[in-house]
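Structure first, commentary second.
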């Protein structure tokens, strides 16, 4: 997947990884970058610098997402790459049980991290299938492959996001549809605070959004399913598969060493 000459949509595109992706795609010669974000004014500011289009969209709203896709297809003849990048984060909170987060938090995580990917694919697939080509880049997290200590709702929904991305790849590869799942650890965005250390997710360092965007370009060029900006994640993933119980023990030890509250 070469982004040059392509029409690309990025949700959550006004800040953080999303903004870096928009800027990197533009630098790579994309024909049109569409910046979609809940913060419409910020999306417009980013799009203005790139000669792109902007949409204020809540990715939890399927009809709004579908309307945006239809508008982009009508204006530009089709979407080559759809990046489902919007995301949120929370913590388990007191009393720091795996069930501590409120139901509203769990629902928001599910809607944004899973269903928005489903909605985007549902809207884009008819056009992509008719053209016999298209690509989805779903921003997930290393938490989808491993876990995010202290945030059960985030980890659970990111695991589900991996499952849906796998289903897309399995079902539609023969239709000419490519799929990649972007799974970084800590990145210097508003999620952790620009000066944050990333907590347990930052044990291997905090990357800049621009560094992540560069890795995305490489991963898309190779059409890799997993794009892992932190290379350590692959070793952790293999260790988890090799000996689940030992991996769980290591994660418990990390939790204790990082001072995460316990019961």
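Residues in the range 233-263 that are in contact (Cβ under 8 Å) with a residue 40 or more places away in the chain and more than 17 Å from the chain's Cα centre (by Cα): 236, 237, 240, 251, 254, 255, 258, 260, 261, 262, 263. Restricting the first member to the range 127-156 and to residues that are free of Cβ contacts under 8 Å to residues at least 40 places away in the same chain and on the phi < 0 side of the Ramachandran plot, and the second to residues that are surrounded by fewer than 22 Cβ atoms within 10 Å (Cβ to Cβ) and assigned to a helix (DSSP H, G or I), the beta-carbon pairs closer than 7 Å and six or more apart or on different chains are 144/159; 144/162.
Among the residues examined, residue 163 does not qualify as assigned to a strand (DSSP E or B) and either under 14 Å from the mean Cα position of the chain (by Cα) or modelled with pLDDT of 95 or more (or both). When the range 4-29 is filtered for residues that are farther than 12 Å from residue 210 by Cβ and surrounded by fewer than 24 Cβ atoms within 10 Å (Cβ to Cβ), the ones remaining, listed by number, are 4, 5, 6, 7, 15, 26, 28, 29.
Residue check: is residue 121 under 12 Å from the mean Cα position of the chain (by Cα), within 18 Å of residue 80 (Cα to Cα) and buried (at least 20 other Cβ atoms within 10 Å of the Cβ)? When the stated conditions are applied, residue 121 does not pass them.
Just checking, does the range 168-181 include any residue being modelled with pLDDT of 95 or more, surrounded by 24 or more Cβ atoms within 10 Å (Cβ to Cβ), in contact with a strand residue (DSSP E or B) (Cβ under 9 Å, 6 or more places away or on another chain) and in a loop (DSSP other than H, G, I, E, B)? Spell out how you get there, then give the answer.
Narrowing the range 168-181 to residues modelled with pLDDT of 95 or more: 168-181.
From what is left, the residues that are surrounded by 24 or more Cβ atoms within 10 Å (Cβ to Cβ) are 180-181.
The next check asks that each one be in contact with a strand residue (DSSP E or B) (Cβ under 9 Å, 6 or more places away or on another chain); those that pass are 180-181.
Now restrict to residues that are in a loop (DSSP other than H, G, I, E, B): none.
For the range 168-181, residues modelled with pLDDT of 95 or more, surrounded by 24 or more Cβ atoms within 10 Å (Cβ to Cβ), in contact with a strand residue (DSSP E or B) (Cβ under 9 Å, 6 or more places away or on another chain) and in a loop (DSSP other than H, G, I, E, B): absent.
Within the range 226-254, how many residues turn out to be in a helix (DSSP H, G or I) and surrounded by fewer than 17 Cβ atoms within 10 Å (Cβ to Cβ)? Residues flagged as in a helix (DSSP H, G or I) and surrounded by fewer than 17 Cβ atoms within 10 Å (Cβ to Cβ) within the range 226-254 amount to 17.
Within the range 209-225, the set of residues being in a loop (DSSP other than H, G, I, E, B) and in contact (Cβ under 8 Å) with a residue 60 or more places away in the chain comprises 223, 225. In the set (1) assigned to a helix (DSSP H, G or I); (2) surrounded by fewer than 18 Cβ atoms within 10 Å (Cβ to Cβ); (3) out of contact with any helix residue (DSSP H, G or I) (no Cβ under 6 Å at 6 or more places or on another chain), residue 110 fails one condition alone, (3).
Taking strands (runs of 3 or more DSSP E) as the structural unit, those lying wholly within the range 1-98 and holding at least 3 residues that are over 16 Å from residue 121 (Cβ atoms) and touching a helix residue (DSSP H, G or I) at 6+ places or on another chain (Cβ under 9 Å) correspond to 32-37, 53-56.
The values are calculated or read from the model by the stated rules, or taken from the named source; none is laboratory data. Quick caveat, the model's predicted, so the values are computed rather than measured. Glycine also receives a Cβ, built like all others from the backbone with ideal geometry; neighbour counts cover every protein chain displayed.
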